[in-house]
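*Asks:* Please see the structure below; I have some questions.
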Amino acid sequence: MNSGEIREKFLKFFKERGHVIVPSSSLIPDDPSVLLTTAGMQQFKPYFSGKADPTRDFGSKNTVSAQKCFRTSDIDEVGDESHLTFFEMLGNFSFGGYSKEQAIKYAYELLREYGLKIQYVTIFEGDDVVPKDEQSHGIWQQLGITDIREQPKSENFWGPTGSEGPCGSTTEIFVNDIEIWNIVFNEYYCLPAAAGTAQAGKSDGSLEKLKTPGVDTGMGLERLVMVLQGKKHVFETDLFAPLVAEMPEVMDERTKRIFADHARAIAFLISDGVRPSNKEAGYVLRRIMRRVIVQSELAGAGSFSGEDILGLGGGLDIIKVLQKVIARYGDFYPELKKNSGFVVEVFKQENEKFQKTLRNGLKELSRIDGVSAKDAFRLYESFGLPYEVIKEVAGKKAKNLNREDFEKEFEKHKEKSREGQFAKFGGHGLLLDTGELKARDEVEVKIVTRLHTATHLVQAALREVLGPAVKQAGSDITAERARFDFSYDRKLEDDEIKKVEDWVNDKIRRKLDVKFEEIPYKDAVKTGALYFEKEKYPATVKVYSVTDENGNAVSKELCGGPHVQNTGEMGTFKITKQESVGAGIRRIRAVLQ
């Protein structure tokens, strides 16, 4: 089977057994605790914790997906035979539909259909907090698996590190000495421990039994394809071989693998709305983009010589490789084809921008005899040379340079920036922090309250101008601005921006009343009030309405507040920026003047 058939077989197997196929979520996660989507279960976290209803949203308690994932922890290791940044995670999930026995039997049955023989499995050995997973042990024995290995919590208990969330013991399946499938039994909810109170065996805090146990499984597509196609490593599979074939023959194998991995990552990140920058996900994208740009120049020049590295046309047409990625994955991930123009354009812009500083940075690097962490950070800060580029280009001159020391220099820089911000704001903490609204003092509370009310009007205005398909996808409000995310598949035209502004400002100018009522959730939905479809609401909710002179609601939403009492308190509304933050999701930033 080729990789597409392998992926399709996984999804079809579970669909035939009552699972709903859920499309991959964006690499830009809804979960603020992570930088990028790292696992298939991330989009399902609200269902495991009971905050959302799977039957309402999917029509089933059981789902299956092939999820786009990105892990930054492996960037430095990419180039060997196994590490990747971007990968696909196949997973089946149950939110109270079934538990251990069915999950293990599904895995056993599917692997047999793939023609794979289980070598051995692992289970949780238990500790003083969570007992040994005797049930999984018994199920595996019934299926004829005799090599069952017991492992400690560090190996066979999955839970969030340093934060709260669903957690539980795991059973892992090995084929040909390769861990191919991990099945997590979410039976507990991990609460963050108060400082100094974490008990033995509860490193992430105390555990509470979940009312409804769940199943969360993950099997990396790349690893599965490698095993099924009988390859020595993932870069020999049909997921990578066509990309590697685009590389010049003179390029060493390690660099070919870096290019193949990074090309996939770049295409998917840009397609999902990430743009190169010096912070967060944008910084990750910039790092890998600049790494391949420099490696391409090195391939063209043959070796680093300071003066003659650039201007030789490069050894590789990176755009061609990106287009190959889009063509190969675009049928299953249609957003790639839809955003193909953006992928190419964003890469070209970053390449042009980077070329302007690269030559000077490389010249400066050539003058340094032994590159220290301080030198490396200066080159990064002044010329934009990433750590990876410095390390690879400098070769022996950077033999004593390591990531840990570079990060320490980075932290020193960030600490100075934090001190500057602390001084700027007078050292105050946050008086209000709901997750959506943040304010440091009473003055800022009033500002964010006005902006919060403005987001209600914004959603109503967007639906009026663009159509009822527009739905809120998130918001973040500080005293400086309101950020509002919404579902829409293209950039707003200038006249559409103006229409939205005019609509909101008309409601402000008319000094309309803002009122709320507390009513049963089911009744609130029947009134036509807007709400987050994936959010689980209490039995009784608040419905905030902005009503016109005739008592008709121009805006009505389920919300906990706070809001102004009259729109006349708000000032003049202005949209300052719009951008894409993922496939089908737009973001606007706005202020009240």
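*Asks:* State, as an integer percentage, the relative contact order of the chain based on alpha-carbon contacts under 8 Å between residues 6 or more apart.
*Replies:* 10 percent
*Asks:* Could I ask something else about it? So which GluC sites (Glu not before Pro) in the stretch 1-47 end up in coil per DSSP with only 14 or fewer other C-beta atoms within 10 Å?
*Replies:* Of the GluC sites (Glu not before Pro), the ones in loops of the stretch 1-47 whose Cβ has at most 14 other Cβ atoms within 10 Å are GLU16.
*Asks:* Ok, one more. Kindly rank 42-54, 481-493 from highest to lowest mean number of other beta carbons found within 10 Å of each residue.
*Replies:* Per-residue mean Cβ counts within 10 Å order the peptides as 42-54, 481-493.
*Asks:* If you don't mind, there's one more thing I want to ask. Take the solvent-accessible surface of the protein heavy atoms, probe 1.4 Å, and return the percent of it on the chain that carbon and sulfur atoms account for.
*Replies:* 47 percent
*Asks:* With a 1.4 Å probe and every protein chain left in place, work out the accessible area per residue of the chain in Å², rounded to a whole number.
*Replies:* Accessible surface, normalised per residue, equals 46 Å².
*Asks:* Straight-line reach from LYS363: which lysines have Cα under 16 Å away, leaving out those fewer than 8 places along the same chain?
*Replies:* LYS391, LYS397
*Asks:* Run lengths n ≥ 4 of DSSP H only: what is the helix-derived mean residue ellipticity at 222 nm for the chain, with -39500 (n - 2.57) per run over all residues, to the nearest 500?
*Replies:* -12500 deg cm²/dmol
*Asks:* Using only Cα atoms, what is the ratio of the radius of gyration of the chain to 2.2 N^0.38 Å?
*Replies:* Against the compact-globule rule of thumb, the ratio is 1.06.
*Asks:* Still on this structure, please answer the following. DSSP beta bridges in the chain, what fraction antiparallel, as a percent rounded to 5?
*Replies:* 90 percent
*Asks:* Give the cross-link partners of LYS231 among the aspartates and glutamates, using a straight C-alpha distance below 15 Å as the criterion and excluding same-chain residues fewer than 8 apart.
*Replies:* Filter leaves ASP80, GLU81, ASP177, GLU222.
*Asks:* Taking amide H positions as placed 1.01 Å from N in the peptide plane, with prolines and chain starts having none, which residues 5 or more places from LEU437, or on another chain, fall under 5 Å of its amide H?
*Replies:* The list, which skips near neighbours in sequence, is ILE477.
*Asks:* Mind ranking 224-233, 403-412 by how tightly packed they are, going by the mean number of other C-beta atoms within 10 angstrom, highest first?
*Replies:* The most tightly packed comes first, giving 224-233, 403-412.
The values are calculated or read from the model by the stated rules, or taken from the named source; none is laboratory data. What you see is a predicted model, and the numbers here were worked out from it, not measured in a lab. For neighbour counting, all protein chains shown are included, and Cβ atoms are generated from backbone atoms with ideal geometry for every residue, glycine included. Areas reflect the complete protein model, heavy atoms only, side chains present, ligands, DNA and RNA absent. Shrake-Rupley method; radii C 1.70, N 1.55, O 1.52, S 1.80 Å.
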